[in-house]
Amino acid sequence: MSPIAKNLQGINARCDAAIAGRKALGIATAPVTLVAVSKTKPLADVFAAAAAGQRHFGENYVQEAAAKIAAARQSAAGEQPLVWHLIGPLQSNKAKLAAQSFDWVQTIDRKKIAEHLSQHRTALGLTPLNVLVQVNVSGEASKSGVHLDDVDTLARDVHSMPGLRLRGLMSIVENTSEEAALRAQFQTMYRLYARLASSLTDAPIDTLSMGMSGDFEIAIREGATMVRVGSLIFGSRARVPGHDESRRSEPDHGTGSTVLA
Ligand SMILES: *Cc1c(COP(=O)(O)O)cnc(C)c1O
């Protein structure tokens with residue numbers, strides 16, 4: 001078994017145990033989708049994970065991802081297709097590339113970018129793009145995402161766009177080891193998510209994306225239906241010049257081909 005397959009096996013077991021630990025919630029048995037975050041990692045790592053049964057992959061940088069996604073689609077023709085999620089900030093000038101490359105965009109934080117994605121998706125003749133509204137639940141100035149008070153308005157706008165399919169909410173919580181602070185933010189997200197699902201009854205709201213390598217079990221116990229795990233699967237990431245994961249917008253950094261080399 002490859003190291004990546006072994007890591008996935010361990011994480012899936014931990015997800016199952018965490019699901020069993022959330023009995024008290026209304027979504028006690030809702031399944032959890034594991035998104036393997038493959039940003040900065042070579043296509044070979046994606047294939048190793050796919051060979052172990054992993055289907056959902058997350059990427060942060062549109063150009064790097066578009067190259068990987070195209071290569072993966074070509075070489076995996078005929079097999080179970082992979083599902084690609086954009087989990088990094090999106091600029092308008094990359095909306096078209098994102099609309100044609102990704103199956104999901106988890107980082108909708110303003111109406112304008114949603115409109116761009118919807119228009120491109122429709123013009124390309126593709127099925128509606130699955131999207132999540134990103135919420136800045138910690139309120140940190142450095143974080144992307146809408147303010148808690150603006151979630152419902154943006155969600156309603158997104159839901160009305162023909163090229164998009166609103167599936168729920170996403171958040172990157174504060175980077176802290178304080179479990180109480182993490183728990184409080186996950187609980188706030190769960191409340192927002194439950195409220196959204198009960199107010200937008202004609203939308204297919206089924207996804208609350210929160211939790212990463214350091215806190216995915218806590219996130220699941222507090223109601224996450226999707227977790228985004230990178231370093232625990234693929235190992236730690238080397239810092240890529242120009243890539244700062246905490247930035248609000250994606251810096252321009254060339255074609256992304258160097259990452260694949
Ligand atoms: C990088 C990233 C992850 C994965 O982080 P790990 O700590 O490596 O699991 C999850 N979500 C987002 C939005 C990211 O940018």
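Bear in mind that the values in this text are calculations on the coordinates, not laboratory data. Quick caveat: nothing in here was measured; it's all calculated off a predicted structure.
Taking a cut-off of 28 Å, what percent of all Cα-Cα pairs in the chain are separated by more than that? Everything past 28 Å amounts to 30 percent. Applying a threshold of 24 Å to the alpha-carbon distances of 41/112; 41/111; 39/96 flags 41/112; 41/111 as lying beyond it. Given the options 101, 213, 75, which has the most mean-square fluctuation in a GNM of the chain, springs set between C-alpha atoms less than 10 angstrom apart? Evaluated over the chain, the most mobile residue of the options is 75. Springs between Cα atoms under 10 Å define the GNM used for the chain, and in it the highest mean-square fluctuation of 95, 180, 197 occurs at 180. Diffusion coefficient (Stokes-Einstein, Kirkwood radius over C-alpha pairs, 10 °C, 1.306 mPa s) for segment 1-69: 118 µm²/s, rounded to a whole number. Find the relative contact order for the chain and round it to a whole percent, using C-alpha pairs within less than 8 Å whose residues are 6+ positions apart. Once divided by the residue count of the chain, the mean separation gives 22 percent. Take the chain, connect every pair of alpha-carbon atoms lying under 10 Å apart with a spring to form a Gaussian network, then pick out the residue of 230, 163, 21 with the largest mean-square fluctuation. Sorting by GNM fluctuation, first place goes to 21.
Calculated mean residue ellipticity at 222 nm for the chain: -12000 deg cm²/dmol, from DSSP H runs with n ≥ 4 weighted as -39500 (n - 2.57), summed, divided by the residue count and rounded to 500.
For segment 190-244, compute Rh as the Kirkwood radius over C-alpha pairs and then the Stokes-Einstein diffusion coefficient at 10 °C and 1.306 mPa s; write the answer in µm²/s, rounded to an integer. Diffusion coefficient, whole number: 121 µm²/s.
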